[in-house]
1. Residues in the range 239-286 that are over 20 Å from PRO170 (Cα atoms), assigned to a strand (DSSP E or B) and touching an Asp or Glu at 6+ places or on another chain (Cβ under 8 Å): how many?
2. Looking at the range 45-72, which of its residues are surrounded by 20 or more Cβ atoms within 10 Å (Cβ to Cβ), within 17 Å of LYS135 (Cβ to Cβ) and not β-branched (Val, Ile, Thr)?
3. Quick one: in the range 81-101, of everything that is closer than 17 Å to THR184 by Cα and in contact with a Phe, Trp or Tyr (Cβ under 7 Å, 6 or more places away or on another chain), which residue is surrounded by the fewest Cβ atoms within 10 Å (Cβ to Cβ)?
4. Could you check, for the range 83-94, whether at least one of its residues is part of a loop (DSSP other than H, G, I, E, B), β-branched (Val, Ile, Thr), out of contact with any Pro (no Cβ under 9 Å at 6 or more places or on another chain) and over 28 Å from LEU162 (Cβ atoms)?
5. Tell me whether the range 241-254 contains one or more residues that are under 26 Å from GLY27 (Cα atoms) and surrounded by fewer than 21 Cβ atoms within 10 Å (Cβ to Cβ).
6. Which ones in the range 1-43 are basic (Lys, Arg) and in contact with a helix residue (DSSP H, G or I) (Cβ under 6 Å, 6 or more places away or on another chain)?
7. Just one of the numbered conditions (1) within 21 Å of ALA259 (Cα to Cα); (2) charged (D, E, K, R); (3) touching a Gly at 6+ places or on another chain (Cβ under 7 Å) is not true of GLU169; which one?
8. Starting from residues that are among the aliphatic types (A, V, I, L, M), touching a helix residue (DSSP H, G or I) at 6+ places or on another chain (Cβ under 6 Å) and closer than 20 Å to GLY137 by Cα, keep the ones in the range 173-224 and report whichever is modelled with the lowest pLDDT.
Amino acid sequence: MKTRVFVPSHITGFFQIVEHENPLFTGSKGAGVAIDKGVITTVRPSRSDKISVKADGNYDPSNITFKVIELLKEKSKHIGGVKIYYSFEVPMGCGFGASAACALGTVLAMARMLEPPITFNEAASIAHQAEVELKTGLGDVMGESVGGIVLRLKEGAPGYGLTDKIIHEPLYVICKAFGELDTTRILKDPKKKKMINLTGSRMLPRLIADPRPENFMRLSYEFAEKTKLLTPKVKESLKIVRDEVIGASMAMLGDTIFALSEYPDTSLADPIIARIDSNGPKFLKA
């Protein structure tokens, strides 16, 4: 039986790293936005006992895939050979949480095939643990699980952390990716982590006090600037869209500009234009 799952992308505007010896309690506080372009994962049983992983484009998400399956096998012995295929609507390594979307899509599709299946939070916690242990992300699984403009109030995996959402009118998310940033290298850098945490810890209370999309974008830009993570290409693009949108900043962590707008029009060349996804993952017709 073939299973298909769509998982929305998640763009983080600002964050604070919170570490714990248990990866399920490790994560990030902060805020981000889920968009209706993401990753579609297709899983089907295989006649062999092997796990095969393929993806469109030049992406190779097999590292996160095999980690998810390794963790899933600790909960269920009924995992045989499967063929997994990923279809990407956003680039990997550019701040869209594509790795987390692969992890979450894989474990949800596999969960549907298990006897008995595991719950949504159990599945999502596996995806989160895989991201944390591989140092590919800290909060994207949580953001993608709930959708919307997400406030991550307490760090940790779904079922362990705590979220809230900003109430908003329908909005577009306009993005342009210029390239990848090495998330793992940044998360391992003590000086960068210190600056991220010092700045990020001050942002969430200010957003909770004024939970509007405009303030989310304002604080996201302030975070990018104060942490010195703002890249030259994003900085130049911010000047182009400044008067067109509600607000704009840099996706964390990617060389990518993102903006919230009432309209889909933009002066950026070859943009990714999406809407906010408020629903989270969904199973698709096979």
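The values are calculated or read from the model by the stated rules, or taken from the named source; none is laboratory data. Just so you know, these numbers come straight off a predicted model, no measurement behind them. Cβ placement follows ideal geometry from the backbone for every residue including glycine, while neighbour counts extend to all protein chains displayed.
1. Going through the range 239-286 one residue at a time, the tally reaches 1.
2. PRO61, LYS67
3. MET92
4. Initially, the range 83-94 is screened for residues part of a loop (DSSP other than H, G, I, E, B), giving 89-94.
Now narrow it down to the ones that are β-branched (Val, Ile, Thr): 90.
Now drop any that are not out of contact with any Pro (no Cβ under 9 Å at 6 or more places or on another chain), which leaves 90.
Now drop any that are not over 28 Å from LEU162 (Cβ atoms), which leaves none.
No, the range 83-94 contains no residue that is part of a loop (DSSP other than H, G, I, E, B), β-branched (Val, Ile, Thr), out of contact with any Pro (no Cβ under 9 Å at 6 or more places or on another chain) and over 28 Å from LEU162 (Cβ atoms).
5. So far as the range 241-254 goes, no, none of its residues is under 26 Å from GLY27 (Cα atoms) and surrounded by fewer than 21 Cβ atoms within 10 Å (Cβ to Cβ).
6. The answer is LYS29, and nothing else.
7. (3)
8. Looking at residues that are among the aliphatic types (A, V, I, L, M), touching a helix residue (DSSP H, G or I) at 6+ places or on another chain (Cβ under 6 Å) and closer than 20 Å to GLY137 by Cα, I get ILE186.
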